[in-house]
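As structure tokens, the structure follows; a few thoughts come after it.
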Amino acid sequence: MNPQITLALSKGRIFDETLPLLKAAGIEVLEDPEKSRKLILATSQPGVRVVIVRASDVPTYVQYGGADLGVTGLDTLIEHSADWGGGAGLYQPLDLRIAKCRVSVAVRADFDYANAVRQGSRLRVATKYVNIAREFFAAKGVHVDLIKLYGSMELAPLTGLADAIVDLVSTGNTLKANHLVEVERIMDISSRLVVNQAALKLKQEPIRRVIDAFAGAVGKG
Ligand code: PRP
């Protein structure tokens, strides 16, 4: 019998946009994680199962072997690698070109960001992406005080907690609804397939099959 392959996914956009790729790869997830409390989901392939984890935990599961493969945003991957020894043991074979968005700097519409940066003021920046933000502002030579948040970043400039935020922007609707404007685009984001390097050696054939099937599905997209 083939060894069991475990794929880590997070609920929401990444799950929804990975499903068609899995389907094209001949793997159908047999349960809807939004309707069930189950964390381990069977698929149409007896040798492949899906585990549902928090988005920020996907690289951790794959790096430490709790899952053989995972789908994670480049944003999450960069933050994880900066925090966890460069993400050693995580192989990144594929850009899945799904869940596309960007990491940007945003401020209140009435905040003069260009002037604050030009004058060399110290900016207070609230973000979940402290490593991306630190590197970006350091490269620009802008002094920042980083405030780590875990969600609802848009509130920070509105309540006076911070001058600016670094957050994901997709349609821009969340910024608009909160009277914030995007002032700098830091990087484009999409979801990546990540693979545990040791698992790739031990279960080379079935994992390669899944990677190749994903690659074929992305190519068709
Ligand atoms: C992200 C991000 C913004 C929103 C941007 O949150 O933090 O709040 O999406 O999308 P938009 O430009 O299309 O409005 P997400 O929904 O991923 O949840 P999170 O707050 O848990 O990060």
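Any read-out appearing in this document is the output of simple, stated calculations on the displayed coordinates, not a laboratory observation. Note that this is a predicted model, so its numbers are computed, not measured. Cβ sites come from the backbone with ideal geometry, for glycine too, and all protein chains shown count toward neighbours.
Side notes on the structure shown:
- A rounded overall shape is assigned to the range 101-188, the ratio a/c of its alpha-carbon gyration tensor axes (a ≥ b ≥ c) being less than 1.5.
- With 5 Å bins beginning at zero, the pair-distance distribution over Cα atoms of the chain amounts to 1, 7, 14, 17, 16, 13, 10, 9, 6, 4, 2, 0, 0, 0 %.
- The range 101-188, relative contact order [Cα under 8 Å, separation at least 6], %: 48 percent
- Report note on the peptides 19-26, 138-145: ranked by the mean count of other C-beta atoms within 10 Å, highest first, their order is 19-26, 138-145.
- Three-way shape call for the range 112-157 based on the alpha-carbon gyration tensor, with the a/c threshold at 1.5: oblate
- Ranked packing of 37-44, 192-199, 57-64, most packed first, by mean Cβ within 10 Å: 57-64, 192-199, 37-44
- Helix axis angle, 13-24 relative to the chain longest principal axis, alpha carbon, degrees: 30 degrees
- Restricting the calculation to Cα atoms, the range 144-200 shows an Rg/Rh of 1.12 when the hydrodynamic-style radius is the Kirkwood one.
- Mean-position separation - Cα centroids, the range 191-221 and the range 130-159, in angstrom: 34 Å
- Tail fraction, Cα-Cα pairs, the range 22-71, threshold 19 Å, whole percent: 28 percent
- Degrees separating the helix 204-220 axis from the principal Cα axis of the chain, which is the longest one: 60 degrees
- Relative to the longest principal axis of the Cα atoms of the chain, helix 74-83 runs at roughly 80 degrees.
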